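One structure is given below, encoded as structure tokens.
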Amino acid sequence: MEDFIYQADRLHAESVPLELIAEEHGTPCFVYSAAVMRRRIEELRAAFSGQSCRICYAVKANGNLAVLQHLAQLGCAFDLVSGGELARVKAAGGDVSVSVFSGVGKTAEEIRQALDAGIGAFHVESPSELERISRIAREMGKVAPVSLRVNPAIEVDTHPHIATGFRGSKFGIPWEEALETYRMANRLDGLEIRGVACHIGSQLIDAEPIVMAARQLVGLADQLREEGIELEYVDVGGGLGICYQDEKSPSLDPYAEGLREAIGDRPLSLIIEPGRYVMGNAGILLTRVEYIKHTTGGHFVVVDAAMTELMRPALYGAWHAIMPVIKAEGRERLNCDVVGPVCETADYLGRSRNLAVEEGELLAVFSCGAYAASMGSSYNSRPPVAEVMVDGDRHDLVRHRGEADELYAGETLRQS
Ligand code: LLP
């Protein structure tokens, strides 16, 4: 896939053989391609050329500091959802003043931190949150930039766990209450209204629902203008799908064109918040086969990576391609489940795969740049794995493999 390709029988990340990375940094290990990230951003820029469109990369997809640094250098702003992500963006040199703070449950502490850091806007999800931000801003002697994240009540075709814009979802302000909530924001002290936002779901193969949502948001902006509330931007969230198996990403041109038409000649700029589109296919998970186990239930390839690195199969039944790092010709293929060592039946990376693989060999799990490392857990006391970024023939360790004692560093024994 793209920059993870075989040269002869060996899988490379750009110009670097993956076996070399495994030798140097061990497995499991995430490997990211700087070139793929660059290309994704260039594609988005090209699709939106001539239009005022800010890319706020969704940090939740992959918040590794080197990833954020690279994207900041490519001119991206950020969509963040916690004090932790705010700290990451700052540590990576990202521009907080053009970034947005989304999320349904911002704590008072997080709001203070973001105001201190000069956040571009809070994307507010409830009247209570508006009141909280107003109070904190006044206490701090600041004016908080706010936008409302509204729920346009649009059904999308994706896994139910990652659809967010349907009626009754916990996300956003219900469409019927949007106008009233803007009026409330306008009345409260310490707030300055900036725009309107939504995010209707993720891994969307058809971008038309995003364009439909944009039309609704623009309609709302028109209504608000009549009431004297002038918005600066419309933020349509993320959601662009990628290829895991045989899906296709939505074409960018109709998406960009649809959004351009929705805005028309209004003085509104656009924000998009892609996460998966930028990072999904920019990373693989490198893993080594520990054991091959044959049981009456089938064949199991037990690898050293697990649901702790890639939760998506367990959580959504997601499919990720799994390929050998060194192709072996003429070997018999085994119909097998690729599983991790974690004590959960749901701990699998792939089911019913045909692999010609032997113990000790390396496998690459594809499309692991987004929502893999960032959703990692330390279940079974598994420390975080190494992460490497490749750029041409250069490869840098951008996260060292964790140690067990780092996991329990914050814990204390009781005094007897
Ligand atoms: N903006 C907001 C407000 C979001 O909630 C999200 C994702 C994004 C942007 C980025 O969406 P993207 O462009 O990546 O689709 N863990 C799931 C995905 C959860 C997405 C949550 N929100 C998965 O692995 O499929």
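Tabulated results
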read-out: Paired Rg and Dmax values of the chain, which use every Cα atom, in angstrom; value: 22.7, 73
read-out: Dipole in debye (nearest 20) - segment 88-163, about Cα centre, beta carbon charges: Lys, Arg +1; Asp, Glu -1; value: 320 debye
read-out: Radius of gyration and maximum dimension Dmax of segment 356-413, Cα, Å; value: 14.9, 48
read-out: Reachable lysines from Lys327, criterion Cα separation under 28 angstrom, eight or more residues apart if same chain; value: Lys248, Lys293
read-out: Taking the chain and dividing mean pair separation by its residue count, relative contact order in percent (alpha carbons under 8 Å, at least six apart); value: 19 percent
read-out: Total charge dipole magnitude, segment 255-320, about the Cα centre, Cβ charges on Lys, Arg, Asp, Glu only, Debye to nearest 20; value: 180 debye
read-out: Quotient of C-alpha Rg and 2.2 N^0.38 Å, computed over segment 192-338; value: 1.52
read-out: On Cα atoms only, tilt of 208-226 relative to the major axis of the chain in degrees; value: 20 degrees
read-out: Filtered trypsin sites (Lys or Arg not before Pro), segment 66-161: DSSP coil and at most 15 other beta carbons within 10 Å; value: Lys142
read-out: Cβ-placed point charges (K, R +1; D, E -1), dipole of the chain about Cα centre in debye, nearest 20; value: 520 debye
read-out: Hull volume in cubic angstrom per residue (convex hull over the Cα atoms of segment 64-106); value: 58 Å³
read-out: Radius of gyration, Dmax [segment 264-416; alpha carbons; angstrom]; value: 18.9, 72
read-out: Qualifying trypsin sites (Lys or Arg not before Pro) in segment 308-394, DSSP loop, other Cβ atoms within 10 Å at most 10; value: Arg333
read-out: Mean Cα-pair separation over length for segment 185-248, i.e. relative contact order, pairs under 8 Å, 6 or more apart, %; value: 47 percent
read-out: Percent of C-alpha pairs per 10 Å bin, segment 197-265, short to long; value: 21, 47, 23, 8, 2
read-out: Expected-Rg normalisation [2.2 N^0.38 Å, Cα atoms] applied to segment 108-192; value: 1.19
read-out: Ratio of Rg to Rh over segment 1-131 (Cα coordinates, Kirkwood Rh, two decimals); value: 1.08
read-out: Taking the convex hull of Cα positions in segment 311-372, its mean projected area over all directions (nm²); value: 4.6 nm²
read-out: Estimated [θ] at 222 nm from DSSP helical runs (n ≥ 4, -39500 (n - 2.57)) normalised by residues in the chain, nearest 500; value: -8500 deg cm²/dmol
read-out: Low-density loop cleavage sites - GluC sites (Glu not before Pro) in segment 237-333, where at most 16 other Cβ are within 10 Å (DSSP); value: Glu247, Glu329, Glu332
read-out: Euclidean distance of C-alpha centroids, segment 278-345 and segment 353-405, integer Å; value: 12 Å
read-out: For segment 263-326, Kirkwood radius (reciprocal of mean inverse C-alpha pair distance, Å); value: 15.6 Å
read-out: Whole-number percent relative contact order across segment 375-416, with pairs defined as alpha carbons under 8 Å at least 6 apart; value: 34 percent
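Each value in this text was obtained by applying a stated rule to the coordinates, not by laboratory testing. Values in this document were obtained by computation on a predicted structure and should not be read as measured data. Quick reminder, even Gly has a Cβ in these numbers, built from the backbone with ideal geometry, and neighbours come from all protein chains shown.
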